[in-house]
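Accompanying notes for the structure given below.
The values are calculated or read from the model by the stated rules, or taken from the named source; none is laboratory data. A quick note: this is a predicted structure, and the numbers were derived from the prediction, not measured. Every residue, glycine as well, gets a Cβ built from its backbone with ideal geometry; the counts of neighbours run over all protein chains shown.
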Amino acid sequence: MSEPKKYQYIDSLRGIAILLVILVHIATVLGFMYYPQFNEHPIFAKFVHNGMYGVLLFFILSAFTLIMSHYNRIGEPHSTRSFIIRRFFRIAPMYYLAIVGITFLKFIKTDAPLFGLMNIPIGNLLSEIFFISAFFPQYINQYVPGGWSVSVEFIFYLFVPLICSKIKNLNSALILIMSLVSLSAIFSSFIETKHYDLNFILFNPIIQLPAFALGIFIYLFLNKAEVGFKKFTLVCLTLFIFAFCYTPIPYNFLIGLGFSMLIVIQSKFNFRLLSNKLLASIGKVSYSMYLIHFIVIYVLIRLKLTKVSEISDFKTFLFNFIAMYLIVAIITFILAGITYKLIEIPGQNYGHKLINKLNLKDKLQTTKK
């Protein structure tokens with residue numbers, strides 16, 4: 001089996017993740033604007049609201065592929081530096097384009113003095129540029145919609161080299177999961193008493209860390225599994241289980257466990273319903289889709305094109321929901337295909353060129369010595 005075919009299920013799951021994210025945002029927009037009663041239909045409301053956990057699936061898949069990539073490159077010269085450069089140029093070009101787009105759409109008005117530049121919240125903008133907005137309750141998710149996840153992702157990048165040097169087997173990976181879930185639960189209980197913005201309570205980096213640990217565990221389970229667990233690990237697992245008999249286990253961790261099982265199942269059986277060319281194509285441009293779909297929705301709202309027929313009851317709401325979901329998904333996919341080729345690929349290529357240039361420079365300096 002060729003490598004692209006072997007890992008088609010990864011791209012397909014990314015495709016599923018972005019389709020879930022778009023699902024919740026379309027439902028939120030239509031419900032907020034035209035039919036807030038959709039929450040009175042609990043099964044449907046729960047289903048679409050859980051689309052927000054598509055980002056969780058992104059995180060798990062990201063950790064899985066990043067650890068795989070880093071392990072495969074161990075031994076290369078300046079591997080840590082090269083890893084950071086590759087990851088920066090993987091996400092920064094498209095993200096900075098999104099920042100520019102959002103700035104013009106939200107903060108710059110051509111009829112204002114200096115083109116409305118004084119309207120731009122500088123502190124918020126800088127936190128986005130340096131990928132640290134997720135750390136600040138006053139900034140998280142307040143500038144680029146969905147920017148919190150990019151911030152969390154980049155923060156994880158910085159720790160990947162350290163993680164790879166310490167987490168090398170299932171025992172250490174399981175202990176990492178238990179430690180981060182416990183930290184997440186404690187931190188969640190603490191911040192819920194502080195009256196922080198809901199975005200910070202739901203999306204701060206500490207709450208999201210267990211998802212990355214799950215991705216690391218899955219990779220090791222599928223590729224570097226040892227015979228069994230050590231006594232210390234089993235004792236920690238026992239204490240962990242008993243501890244959460246007395247306090248609620250984080251809901252996003254339970255969702256993450258479900259996604260983790262899905263990844264394992266797809267790696268073994270590769271069900272075509274969940275792994276096919278269409279989903280893989282969507283998954284390949286899912287990062288661009290994630291950033292662009294917010295702008296597509298925003299423009300449709302400004303143009304008052306957010307419904308295809310009058311909404312009077314749940315049936316007409318559902319019809320509009322499906323229609324708008326397809327419209328936004330298709331437009332976003334087309335635009336993402338363009339930005340993937342014009343922004344993402346050139347950005348990644350520049351990162352590779354920079355790595356080669358730095359490595360060559362180091363080699364020449366070493367030769368001169």
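Per-structure values
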quantity	calculated
Residue match in region 301-321 (condition: closer than 30 Å to Gln348 by Cα, assigned to a helix (DSSP H, G or I) and not hydroxyl-bearing (Ser, Thr, Tyr))	no
Out of Phe212, Phe200, sole residue that is over 15 Å from Leu56 (Cα atoms), buried (at least 20 other Cβ atoms within 10 Å of the Cβ) and not aliphatic (A, V, I, L, M)	Phe200
Any hit, region 304-314, residues being crowded, with 18+ Cβ neighbours inside 10 Å, hydroxyl-bearing (Ser, Thr, Tyr) and at pLDDT 95 or above	no
Residue check, Ile91 touching a residue at least 24 places away in the same chain (Cβ under 8 Å), crowded, with 16+ Cβ neighbours inside 10 Å and farther than 26 Å from Ile292 by Cβ	no
Residues within region 240-277 that are surrounded by fewer than 17 Cβ atoms within 10 Å (Cβ to Cβ), small (Gly, Ala, Ser) and closer than 20 Å to Thr65 by Cβ, tallied	1
Residue under evaluation His195, criteria (1) part of a helix (DSSP H, G or I); (2) farther than 15 Å from Ala63 by Cα, criterion not met	(1)
Pairs with Cβ under 7 Å, 6+ apart, first in region 13-35 and of a type in the set (Lys, Arg), second buried (at least 21 other Cβ atoms within 10 Å of the Cβ)	Arg14/Phe58; Arg14/Leu61; Arg14/Gly283; Arg14/Ser286
Condition check for Tyr325: assigned to a helix (DSSP H, G or I), more than 19 Å from Val21 (Cβ to Cβ), in contact with a helix residue (DSSP H, G or I) (Cβ under 9 Å, 6 or more places away or on another chain) and in contact (Cβ under 8 Å) with a residue 40 or more places away in the chain	no
Options Ser188, Ser151; residue that is surrounded by 20 or more Cβ atoms within 10 Å (Cβ to Cβ), in contact (Cβ under 8 Å) with a residue 40 or more places away in the chain and hydroxyl-bearing (Ser, Thr, Tyr)	Ser151
Restricting region 236-255 to residues that are part of a helix (DSSP H, G or I) and either among the β-branched types (Val, Ile, Thr) or touching a Gly at 6+ places or on another chain (Cβ under 6 Å) (or both), the residue that is nearest to Lys46 (Cα to Cα)	Ile255
Output for region 36-76, where each listed residue is assigned to a helix (DSSP H, G or I), free of Cβ contacts under 8 Å to residues at least 24 places away in the same chain and of a type in the set (Gly, Ala, Ser)	Ala45, Ser69
